[in-house]
Amino acid sequence: MRSCAPHPAPWWWYHDQAKRDDHRIADPTRFSTFLRYGANAERAHPTDRHWYLVVAGVRPEVQRQGMGSRLIKPELDAADRDGLPVYLETADRRNIAYCERFGFSVVDNDVELVPGGPTHVAMRRPPRT
């Protein structure tokens, strides 16, 4: 088992060799860190009505085959029908260019969601009519 971040985190990664898969599990001793994460996320979050893309991910062996687009596009279409913007955060700056393909732009380049942890990039996509 190894920490997924260089600081005390509320979760741990472990690798299931039999299934060749990584999993994230909660670390109950870090629950207070998790609560601070939620409070920080709420403070950084936009206050207007919007859709929030919380988590999106594709297993490495099927990346670059359009799976991510097929997952995200229906949600973006629904937000467009509602006439609402979409907001997300990413800790991996390599995701910025990917998100820009869907019309997202960076609104904050230095969001600290995890106390003492890595900064995130906040992105927003206006509704398309």
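So here's what we get for this one:
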| item | result |
| --- | --- |
| Which of 129, 90 has the fewest Cβ neighbours within 10 Å, and the rest in rising order | 129, 90 |
| Local electrostatic count, residue 110, Cβ distance below 13 Å [Lys/Arg +1, Asp/Glu -1] | -2 |
| Packing-based order for 102-110, 62-70, using average beta carbon neighbours within 10 Å, highest first | 102-110, 62-70 |
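Read the figures in this text as sums done on the coordinates, not as results from a lab. Nothing here was measured: the structure is a model prediction, and the numbers come from that model. Using ideal geometry, Cβ is built from the backbone for each residue, glycine included, and neighbour counts are taken over all protein chains shown.
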